[in-house]
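In what follows, a single structure is set out as structure tokens and then discussed.
The values are calculated or read from the model by the stated rules, or taken from the named source; none is laboratory data. Because the structure is predicted, anything quoted here is derived from the model rather than measured. Cβ coordinates were reconstructed from backbone atoms using ideal geometry, including for glycine residues, and neighbour counts include every protein chain displayed. Ligands, DNA and RNA are excluded from the accessible area calculation, which covers all protein heavy atoms including side chains. Shrake-Rupley method; radii C 1.70, N 1.55, O 1.52, S 1.80 Å.
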Amino acid sequence: GQSEVAEGGRKRNERGRRMKLRPILFNTEMVRAIIRGDKTQTRRPARGERCPFGEPGDLLYVRETAVRLPSGKGCVYAADIDENERYKLRPWTPSLLMPYEWSRVVLEVVSVKRQRIQQISVRDVKAEGIPGVSTRKGFAERWDRIYADKAPWEDNPAVWAVGFAVVAAGKKGRR
């Protein structure tokens with residue numbers, strides 16, 4: 001990103017605005033896509049006039065499903081192991097409850113726009129990084145599996161389209 005450390009050690013974006021650090025939830029499949037470099041955008045239903053994921057230059061730490069190692073030094077992440085091996089480790093902490101200290105993936109927001117979900121282009125569908133989904137129709141079906149009850153594709157709801165770049169994607173949780 002274009003951020004740099006200003007006087008006093010406070011990080012600022014390219015416009016001199018102090019960067020904010022915010023959490024964002026992703027499921028295991030999407031964390032894998034981010035790490036592979038396949039996912040560089042996400043869309044979420046818009047509530048209010050301000051994007052809850054910030055503005056360009058802000059940072060997002062990814063909350064993902066993880067289990068803390070018994071030693072207390074690091075984590076194992078669901079995105080890094082085979083589904084058939086997950087039962088061997090317990091207790092799993094769901095992404096919603098993952099503390100910041102365990103995060104390993106940090107994203108920098110590079111673009112934010114409010115749009116209607118049906119405005120998504122084929123290029124944007126690909127940037128969403130969903131395995132096996134490369135058409136607007138496929139994206140619409142996936143969208144409705146997640147949001148049909150509160151923001152169905154058919155209603156063409158307003159969404160926040162957030163573009164991002166990976167800043168860090170380490171193997172271990174912070175200590």
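If you check Lys113, Lys73, Lys150, which single one turns out to be within 27 Å of Val167 (Cα to Cα) and assigned to a loop (DSSP other than H, G, I, E, B)?
On the way: Lys113 fails: assigned to a loop (DSSP other than H, G, I, E, B); Lys150 fails: within 27 Å of Val167 (Cα to Cα).
When all the criteria are applied, what remains is Lys73.
When each of Ala161, Ala168 is tested for being closer than 15 Å to Pro23 by Cα, open to solvent by less than 90 Å² (accessible area, probe 1.4 Å) and part of a strand (DSSP E or B), the lone residue that passes is Ala168.
A single member of Arg136, Arg145, Arg68 is touching a residue at least 12 places away in the same chain (Cβ under 8 Å) and either open to solvent by 80 Å² or more (accessible area, probe 1.4 Å) or closer than 19 Å to Ala165 by Cα (or both), and it is Arg136. Residues that are within 18 Å of the chain's Cα centre (by Cα) and either surrounded by fewer than 15 Cβ atoms within 10 Å (Cβ to Cβ) or polar (S, T, N, Q) (or both) were ranked within the stretch 100-133; the one that is farthest from Met19 (Cα to Cα) is Pro131. For the stretch 31-47, residues that are assigned to a loop (DSSP other than H, G, I, E, B), out of contact with any Gly (no Cβ under 8 Å at 6 or more places or on another chain) and basic (Lys, Arg) total 1.
If only one of Arg50, Arg90 is open to solvent by 80 Å² or more (accessible area, probe 1.4 Å), in contact with a strand residue (DSSP E or B) (Cβ under 9 Å, 6 or more places away or on another chain) and not in a strand (DSSP E or B), which one is it?
Every option except Arg90 fails the conditions.
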